[in-house]
Every structure is written in structure tokens, then in C-alpha cells.
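The structure under discussion appears below in the form of C-alpha cells.
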Amino acid sequence: MAESVYDVIMRRRSVRSFLDTPVEEEKVQQLLDAAIQAPSGGNIQPISIIRIEKPESRDKLAKLAVNQPWVAKAPLCLLFCIDFHRTGKWAQAEGASYGGEKALMSFLLAYADVFCSAENAVLCATSLGLGTVYIGMVLAAMTEIRSEFGLPDKVVPVVALCVGYPKKIPAGITKLPKAAMVHSERYEEKSPEELKQLYREKYGDLTADVKKYFERTYQEALEMEEQSRPGFTDKVARLMARMEVGNAAQLLFKMRYPDEAMKRMGESIIKSLREAGIECL
Ligand SMILES: Cc1cc2nc3c(=O)[nH]c(=O)nc-3n(C[C@H](O)[C@H](O)[C@H](O)COP(=O)(O)O)c2cc1C
């Protein structure tokens with residue numbers, strides 16, 4: 001019996017360890033069909049997908065995406081871009097005018113389109129026995145990636161998707177319980193204690209065995225250690241001790257995604273967007 005979409009969704013995991021086996025062209029075409037078939041605001045589809053398969057190109061992308069080794073090791077990488085260039089050029093050729101790059105609403109719709117499209121490819125890949133992982137860090141190297149992969153003005157990378165046959169599928173990833181995320185009719189406020197309990201269901205407690213804790217909270221560190229930086233998790237553990245990180249919230253917001261760093265990155269993304277002729281932010 002064919003696997004249900006629900007079952008595919010529930011068994012999907014981000015995969016960061018890939019076999020060298022190439023993805024068959026027939027399967028690549030299916031992923032691309034699934035991506036193109038996705039919902040799109042106004043069905044305008046202002047996106048482009050760059051296939052990146054040459055090892056030297058994957059190496060370059062891996063380095064630009066802050067040295068994530070799995071980007072180089074996955075046999076296929078799909079770079080999902082907002083493309084106001086093609087859409088505007090077509091509109092102009094047909095005697096219309098489209099300035100998506102000047103309108104925040106068009107930008108937000110195009111950004112959402114990218115993820116509808118990419119997630120269709122993810123689920124299709126999962127159902128075909130392939131593994132995937134999103135690479136959001138392409139945002140941090142937008143200008144360099146545009147230049148490396150020949151993206152014209154008004155075309156910007158939003159996310160990359162690594163695709164390949166999994167060598168290993170992580171088991172420990174947990175999600176929030178429904179009670180934390182779903183409200184009935186109106187927003188239902190939770191007390192700090194209730195929230196701590198709900199988040200603890202997801203992350204568990206930080207124990208002396210930091211590696212075990214990373215299976216739920218920081219798979220990237222485990223893969224980084226295995227694939228390119230021996231001793232990485234011990235280094236992270238030492239940093240956690242130095243910064244007095246004692247739980248998942250502190251790991252996330254004191255160490256991995258502190259507000260100041262996120263703000264700086266956002267400012268640099270706005271600058272890159274403007275350099276690309278996207279001026280709505
Ligand atoms: C927008 C977005 C950006 C992401 N960027 C990265 C990334 O740069 N590197 C990476 O290894 N994983 C990345 N991920 C994968 C997440 O780390 C992963 O989805 C999360 O840890 C939950 O694991 P799961 O996908 O197995 O449920 C990204 C996911 C999303 C949705």
C-alpha cells in the first residue's frame with residue numbers, strides 16, 4: 001500500500017549525512033515538478049531554482065553557507081531564489097509593468113512561495129527515499145552567492161535544499177506538544193511554569209551527557225564533529241559552561257541565535273537586497 005502523506009510528513013527528518021550515490025534524473029524531475037506545482041500567491045510564481053551538482057560548485061556553496069560540510073557532500077543542491085527579474089521582463093514583453101522588487105507585499109508573497117515550493121520538494125524527496133536539509137544560511141552570503149551563481153539583479157537566494165540518499169537519519173528530533181502551539185477560538189495565554197513544562201517535553205533536561213542532549217537540540221553540532229571538526233561538541237560544551245548555558249532556551253538565545261547577532265545579520269541582508277535592486281525593505 002502506498003505510504004500516506006501524513007506518514008511521509010511524520011517520518012521526515014533533516015538529513016545531514018549523505019551517501020555518494022547520485023540522485024536519478026527521473027527523481028530530480030519529480031522533485032522539480034513537485035516544487036513547481038506548489039501554491040503561489042496569485043499563481044505568479046516569481047521564483048527560480050538553480051540545480052547545483054558539480055562538486056566544485058557544491059564546495060563553494062558549502063563554504064559560503066558558513067562551512068556546513070553536508071552542503072558539499074549532498075550530491076544535489078537546489079538553490080531556491082526569489083526572481084523578480086524574470087517576472088518583470090515577461091510583464092514588460094507583454095506590455096505590462098511589474099515591480100515586485102519595490103513592494104513589500106510582493107516580496108512577502110514571493111518569500112512564502114519559495115517555502116511552499118521547497119517543502120513540496122522536501123516531501124516528494126522523502127517519499128522517494130531521499131533525505132533533505134534546508135540551508136537558510138545562504139541568506140548570510142547573499143551577495144557572494146549571487147555573484148558565484150550568476151544571479152541577475154532582482155534575483156536573490158532565499159534557501160538551499162540539499163538532497164541525497166541518507167547515510168544516517170537522525171531519530172532524536174522532537175517537536176512541541178500541540179498544547180503549546182494550538183489555541184481554540186482565541187489565544188490562550190500560558191503561565192511561565194506551564195510553558196517551561198511544555199518546552200521540557202520537547203527538549204528534555206540538559207544532562208551531564210551533552211552529546212545525548214544535542215540529539216534533540218543541536219544535531220548540526222553532532223554532524224559537524226563527525227564530518228569535519230573532531231572535538232567540536234566538546235568545544236561547544238566548554239563554551240556552554242563558560243556562558244552558563246543550562247537549558248534549551250539559553251542554548252538557543254544566549255549562544256546560537258542571540259538577538260544582537262540576528263539583528264546584525266538582518267541589516268546585512270537588507271543591504272544585500274538593496275544591492276540586488278530589491279528596495280521594499
Ligand atoms: C528556514 C530554515 C533554515 C534552515 N537552515 C539550516 C541550515 O543552515 N543548516 C542546517 O543544517 N539546517 C538548517 N535547517 C534545518 C533545521 O535545523 C531543522 O529543520 C530543525 O533542526 C528541525 O529538525 P527536523 O527538520 O529534522 O525536524 C533549516 C530549516 C529551516 C526551516
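The values are calculated or read from the model by the stated rules, or taken from the named source; none is laboratory data. Keep in mind the model is a prediction, meaning the values are calculated, not measured. When we count neighbours, we look across all protein chains shown, and the Cβ atoms used for this are built from the backbone with ideal geometry, even at glycine.
For GLU225, the stated conditions hold: it is modelled with pLDDT of 95 or more and farther than 30 Å from PHE84 by Cβ.
If you scan region 249-281, which residues turn out to be of a type in the set (Gly, Ala, Ser) and closer than 24 Å to PHE214 by Cα? Selection gives ALA249, ALA261. Checking each residue in region 1-49 for being closer than 25 Å to GLU101 by Cβ and either within 16 Å of the ligand (Cβ to nearest atom) or in contact with a Phe, Trp or Tyr (Cβ under 9 Å, 6 or more places away or on another chain) (or both) picks out ALA35, ALA38, ILE44, PRO46, ILE47, SER48, ILE49.
Going by the conditions given, is ALA118 closer than 16 Å to ALA65 by Cβ, part of a helix (DSSP H, G or I), touching a Phe, Trp or Tyr at 6+ places or on another chain (Cβ under 6 Å) and not assigned by TED's automatic domain parsing to the domain that holds GLN219?
Criteria met by ALA118.
Selection within region 61-98: residues that are within 16 Å of the ligand (Cβ to nearest atom) and among the basic types (Lys, Arg). The member of this set that is surrounded by the fewest Cβ atoms within 10 Å (Cβ to Cβ) is LYS63. Exactly one residue out of GLU244, GLU275, GLU279 is free of Cβ contacts under 8 Å to residues at least 12 places away in the same chain, over 17 Å from ILE173 (Cα atoms) and either in contact with a Lys or Arg (Cβ under 8 Å, 6 or more places away or on another chain) or acidic (Asp, Glu) (or both): that is GLU244. Scanning region 223-241 for residues that are among the hydroxyl-bearing types (Ser, Thr, Tyr) and in contact with a Leu (Cβ under 9 Å, 6 or more places away or on another chain) returns a single hit, THR233.
When region 170-179 is filtered for residues that are more than 13 Å from the ligand (Cβ to nearest atom) and in a loop (DSSP other than H, G, I, E, B), only PRO177 remains. The residues in region 131-150 that are touching a residue at least 12 places away in the same chain (Cβ under 8 Å) and away from the ligand (no atom under 14 Å from the Cβ) can be counted, and the count is 5. Within region 184-207, residues that are closer than 15 Å to ILE173 by Cα and assigned by TED's automatic domain parsing to the domain that holds ALA249 reach partners that are surrounded by fewer than 12 Cβ atoms within 10 Å (Cβ to Cβ) and at pLDDT 95 or above with beta carbons closer than 7 Å, at six or more positions or on different chains, in the pairs LYS202/LYS175. Within region 153-169, the set of residues being touching a Ser or Thr at 6+ places or on another chain (Cβ under 7 Å) and either within 9 Å of the ligand (Cβ to nearest atom) or acidic (Asp, Glu) (or both) comprises just one member, CYS162. Looking across region 103-139, the residues that are crowded, with 16+ Cβ neighbours inside 10 Å, within 18 Å of ALA72 (Cα to Cα) and not β-branched (Val, Ile, Thr) come down to LEU130, GLY131, TYR134, MET137, LEU139.
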